[in-house]
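S.K.: Just dropping this structure here.
The values are calculated or read from the model by the stated rules, or taken from the named source; none is laboratory data. These numbers come from a predicted model, not from an experiment. Note that we place each Cβ from the backbone using ideal geometry, even for glycine, and neighbour counts take in every protein chain shown.
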Amino acid sequence: MDIYSIGDRIYKIIEKYNVDDIAIRVSKSISKMIRFTNNEIVVSKEWVEVGASIYIGYKHRILMAGINEFSEKNIENVVENLLKSAKYIKPLEDYVSLPKGRFKYSVIEKCFDERILEEDLTEKVYDAINAALNSGAKRVAGVLNAGIGEKLLLTSGDVKASDKGTRISITVRGFSDSMSSGQGISCSRTLDGFNPILAGERAGRIAKMAKKAVEGKPGRYMVILDPTVVGNLFNYIAYNLSAFSIIGKVSFFTDKLDKEVASDILNLIDDGRMPGGLGSTMFDDEGVPTQRNVLIERGVLKGYLHNTRTAKKFGVNSTGNAGWIFPRPWNIIIDGGEHGEEELFNEIKEGVYITNNWYTRYQNIREGIFSSITRDGVFYIKNGEIINAVRGLRISDSFLNLLKNIQGMTRKKWPVIWWEVSIPTYAPYILLKELNLTRATK
């Protein structure tokens with residue numbers, strides 16, 4: 001069965017029950033994964049997945065389920081079990097029906113490339129491996145992921161919409177010895193924007209530079225954050241701009257609308273219609289057309305991400321950011337930079353350059369206090385020059401301090417998505433006038 005037949009079958013079955021709202025999202029993906037280690041490909045596989053998500057509004061309750069077996073009997077069982085569970089769920093005082101009306105959608109450019117699964121992607125992997133080895137790595141590992149995705153949305157609000165897209169990404173890990181590593185990534189919706197050689201070169205170069213690292217000294221430093229780090233940290237920042245987090249009072253942006261929350265050089269945008277955007281989509285999970293939303297303008301918080309329900313609570317319109325459960329960003333864009341990379345480094349008399357991070361965790365989510373462990377190449381800078389590699393440091397600060405301490409950014413932005421960055425982020429290098437670094441626990 002194709003996704004349209006599946007969607008129609010599920011919708012017609014649910015329609016037989018006396019429910020208030022229906023939304024069906026059916027998706028199909030064809031994926032390819034190539035994993036490599038010790039300079040060789042070790043796994044290459046391709047698979048197809050088809051799944052559906054069900055949303056039912058019933059007596060001011062919201063019921064949801066996932067399904068991947070599409071017989072009439074199974075669909076009926078799932079729906080009946082959902083309706084039986086409703087008696088255990090408290091009705092929502094602020095229940096809002098799904099938006100109604102025939103929306104107009106327009107295709108977003110540069111989001112589909114049929115060549116992605118037709119090409120021999122093993123060549124791309126070996127291009128990355130050889131580039132890393134030629135740039136200083138002794139051992140290379142990583143993964144290439146590529147795929148075609150198609151989705152269908154049907155709702156009781158008279159929405160019947162479909163969209164499709166492609167994506168390809170590679171994460172390259174370079175190792176110059178057992179203690180020295182670097183990472184490079186490349187990601188795109190099309191082959192034209194995909195550069196595995198650049199990812200490999202970066203991984204190898206950082207791994208080579210990271211050799212002979214000394215223990216870093218804790219303290220407050222001027223810091224340059226690599227786009228990979230910026231992508232990770234701004235994922236947390238963007239999720240805190242979901243109106244769902246504001247309503248739950250678990251966001252460090254609560255009660256800060258129209259107030260200064262960042263350096264006046266920062267503009268933060270979510271754009272669901274960005275041409276070639278890794279997260280671009282014509283419509284959100286309620287069927288509302290996506291749009292460009294300015295969240296922070298010159299350091300001032302201008303708005304939150306909304307679905308229909310949160311928008312009504314705030315007395316505004318939906319921003320086209322409905323996820324299946326709560327509002328979410330599509331493409332995070334960090335704007336306002338005026339520097340080149342070299343100019344940014346020249347601003348530092350004494351500081352640290354961080355190329356990668358992981359294990360970002362909150363100590364206090366309401367105040368945005370967090371820590372994140374640095375990894376791969378971390379470098380001590382003096383008078384704009386990298387002096388030596390350092391190790392054993394952890395970022396320990398708050399997101400609001402980070403935002404207010406932005407002193408400079410590059411004009412150029414890099415697309416970032418990998419294991420630690422789930423929402424596509426278009427990130428510059430960022431110079432912070434001060435960031436607290438502590439010693440990582442061994």
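S.K.: Residues in segment 397-410: is at least one farther than 25 Å from LEU144 by Cβ, of a type in the set (D, E, K, R) and crowded, with 19+ Cβ neighbours inside 10 Å? It would help to see each step written out before you state the result.
M.R.: Pass one, segment 397-410, residues farther than 25 Å from LEU144 by Cβ: 397-410.
Now narrow it down to the ones that are of a type in the set (D, E, K, R): 397, 404.
Filter again for crowded, with 19+ Cβ neighbours inside 10 Å, leaving 397.
Yes: one or more hits.
S.K.: If you take the residues of segment 137-168 that are buried (at least 21 other Cβ atoms within 10 Å of the Cβ) and within 28 Å of TYR353 (Cβ to Cβ), which of them is nearest to the chain's Cα centre (by Cα)?
M.R.: Taking the candidates together, the pick is LEU144.
S.K.: Just the residues that are surrounded by fewer than 16 Cβ atoms within 10 Å (Cβ to Cβ) and of a type outside the set (Lys, Arg), please, taken from segment 366-386. Quick ask: steps written out before the conclusion?
M.R.: Applying the first criterion (surrounded by fewer than 16 Cβ atoms within 10 Å (Cβ to Cβ)) to segment 366-386 yields 366-367, 382-386.
Answer for segment 366-386, where residues must be surrounded by fewer than 16 Cβ atoms within 10 Å (Cβ to Cβ) and of a type outside the set (Lys, Arg): GLU367, ASN383, GLY384, GLU385, ILE386.
S.K.: For segment 87-122, name all the residues that are part of a helix (DSSP H, G or I) and either among the polar types (S, T, N, Q) or not assigned by TED's automatic domain parsing to the domain that holds GLY149 (or both).
M.R.: First pass over segment 87-122, keeping only residues part of a helix (DSSP H, G or I): 87-88, 114-117, 121-122.
Of everything in segment 87-122, just one residue is part of a helix (DSSP H, G or I) and either among the polar types (S, T, N, Q) or not assigned by TED's automatic domain parsing to the domain that holds GLY149 (or both), namely THR122.
S.K.: Looking only at segment 350-359, decide whether some residue is surrounded by fewer than 16 Cβ atoms within 10 Å (Cβ to Cβ), in contact with a Lys or Arg (Cβ under 7 Å, 6 or more places away or on another chain) and not hydrophobic (A, V, I, L, M, F, W, C).
M.R.: Yes, there is a match, as at least one residue in segment 350-359 is surrounded by fewer than 16 Cβ atoms within 10 Å (Cβ to Cβ), in contact with a Lys or Arg (Cβ under 7 Å, 6 or more places away or on another chain) and not hydrophobic (A, V, I, L, M, F, W, C).
S.K.: I've got another one for you. Can you pull out the helices (runs of 4 or more DSSP H) entirely within segment 177-276 that have at least 3 residues that are among the polar types (S, T, N, Q)? Quick ask: steps written out before the conclusion?
M.R.: Details: elements: 196-209, 227-239, 243-247.
In segment 177-276, the matching helices (runs of 4 or more DSSP H) lie at 227-239.
S.K.: Still on this structure: Check ILE269, ILE237 and return the single one that is touching a helix residue (DSSP H, G or I) at 6+ places or on another chain (Cβ under 6 Å) and within 27 Å of SER372 (Cα to Cα).
M.R.: On the way: ILE269 fails: touching a helix residue (DSSP H, G or I) at 6+ places or on another chain (Cβ under 6 Å).
One residue alone meets the criteria, ILE237.
S.K.: Return the residue satisfying two criteria in turn: it lies in segment 19-58 and is out of contact with any helix residue (DSSP H, G or I) (no Cβ under 9 Å at 6 or more places or on another chain) and closer than 16 Å to SER156 by Cβ, and of such residues it is surrounded by the fewest Cβ atoms within 10 Å (Cβ to Cβ).
M.R.: The qualifying residue surrounded by the fewest Cβ atoms within 10 Å (Cβ to Cβ) is ASP20.
S.K.: Do we find a residue being among the charged types (D, E, K, R) and in contact with a Pro (Cβ under 8 Å, 6 or more places away or on another chain) anywhere in segment 274-284? Please lay out each step first, then the result.
M.R.: The initial filter retains those residues of segment 274-284 that are among the charged types (D, E, K, R), namely 284.
Filter once more, keeping what is in contact with a Pro (Cβ under 8 Å, 6 or more places away or on another chain): none.
Scanning segment 274-284, I find no residue that is among the charged types (D, E, K, R) and in contact with a Pro (Cβ under 8 Å, 6 or more places away or on another chain), so the answer is no.
S.K.: Now, a different point. Which numbered condition in (1) outside any helix (DSSP H, G or I); (2) out of contact with any Asp or Glu (no Cβ under 7 Å at 6 or more places or on another chain); (3) surrounded by 13 or more Cβ atoms within 10 Å (Cβ to Cβ) is the only one that GLU76 fails?
M.R.: For GLU76, the exception is condition (1).
S.K.: Report those strands (runs of 3 or more DSSP E) wholly inside segment 331-400 carrying at least 2 residues which are hydroxyl-bearing (Ser, Thr, Tyr).
M.R.: Working: elements: 332-335, 350-354, 357-364, 369-374, 378-382, 385-391, 393-398.
In segment 331-400, 357-364, 369-374, 393-398 are the strands (runs of 3 or more DSSP E) which contain 2 or more residues that are hydroxyl-bearing (Ser, Thr, Tyr).
S.K.: Restricting to segment 416-433, and then to whatever is in contact with a Leu (Cβ under 6 Å, 6 or more places away or on another chain), closer than 22 Å to LEU198 by Cβ and of a type outside the set (Ser, Thr, Tyr), can you tell me which residue is surrounded by the fewest Cβ atoms within 10 Å (Cβ to Cβ)? Talk me through it step by step, then tell me what you get.
M.R.: Applying the first criterion (in contact with a Leu (Cβ under 6 Å, 6 or more places away or on another chain)) to segment 416-433 yields 417, 424, 429-431.
Within this subset, residues satisfying the condition of being closer than 22 Å to LEU198 by Cβ are 417, 424, 429-430.
Then drop every residue that is not of a type outside the set (Ser, Thr, Tyr), which leaves 417, 424, 430.
Working: ILE417: 21, PRO424: 25, ILE430: 27.
Residue satisfying both the conditions and the ranking: ILE417.
S.K.: Under 6 Å between Cβ atoms, at least 6 apart or on separate chains: pull out the pairs that start in segment 355-375 with a residue that is over 21 Å from THR254 (Cα atoms) and end on any residue that is assigned to a strand (DSSP E or B) and among the charged types (D, E, K, R).
M.R.: So the pair list comes out as ILE373/ARG394.
S.K.: Can I ask one more? Scan segment 286-316 residue by residue and report those that are aromatic (Phe, Trp, Tyr) and not in a loop (DSSP other than H, G, I, E, B). Give the steps one after another, and end with the answer.
M.R.: Residues of segment 286-316 that are aromatic (Phe, Trp, Tyr), as a first pass: 304, 314.
Matches in segment 286-316: PHE314 only.
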